[in-house]
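Here's the structure we're looking at; comments come further down.
The values are calculated or read from the model by the stated rules, or taken from the named source; none is laboratory data. Note that the structure is predicted; figures quoted are calculated from it, not measured. Every residue, glycine as well, gets a Cβ built from its backbone with ideal geometry; the counts of neighbours run over all protein chains shown. Keep in mind that these areas ignore ligands, DNA and RNA; they rest on the heavy atoms of the full protein, side chains included. Shrake-Rupley method; radii C 1.70, N 1.55, O 1.52, S 1.80 Å.
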Amino acid sequence: MYAIVEINGHQFKVEAGKKLFVDHLAGAESGATVEFDKVLLLDNEGQVTVGVPTVAGAKVVAEVVSPLVKGAHLPQEASQGLSQAQRLSPSIH
């Protein structure tokens, strides 16, 4: 069984027993239970229910494992900037 839910404007595929990383859950504390009621699709052993726009009466209940998850820092590429010729050359359209 899996479901497609909308959380903070993003769509996620969720399954029972799996972890999900979600950005910025307001008021989420470790051990708290959160409910997501915007279920867009529900697959129950091959029986697929597609919501219009959501599946009526369906919700996903999850437990917050950690309210703050920090990932690896990704290096930023250095900006080269514009040369003087690029800054002063007019663009013709």
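Limited to segment 21-72, what total is found for residues that are modelled with pLDDT under 90, more than 19 Å from the chain's Cα centre (by Cα) and assigned to a strand (DSSP E or B)?
Within segment 21-72, residues that are modelled with pLDDT under 90, more than 19 Å from the chain's Cα centre (by Cα) and assigned to a strand (DSSP E or B) number 1.
Scan segment 7-30 and tell me whether some residue there is of a type in the set (Ser, Thr, Tyr) and in contact with an Asp or Glu (Cβ under 8 Å, 6 or more places away or on another chain).
Initially, segment 7-30 is screened for residues of a type in the set (Ser, Thr, Tyr), giving 30.
Keeping just the survivors that are in contact with an Asp or Glu (Cβ under 8 Å, 6 or more places away or on another chain) gives none.
Among the residues of segment 7-30, not one is of a type in the set (Ser, Thr, Tyr) and in contact with an Asp or Glu (Cβ under 8 Å, 6 or more places away or on another chain), which makes the answer no.
Name the single residue that is farthest from Ala58 (Cα to Cα) among those in segment 9-31 being in contact (Cβ under 8 Å) with a residue 12 or more places away in the chain and open to solvent by less than 90 Å² (accessible area, probe 1.4 Å).
So, considering only residues that are in contact (Cβ under 8 Å) with a residue 12 or more places away in the chain and open to solvent by less than 90 Å² (accessible area, probe 1.4 Å), the one farthest from Ala58 (Cα to Cα) is Ser30.
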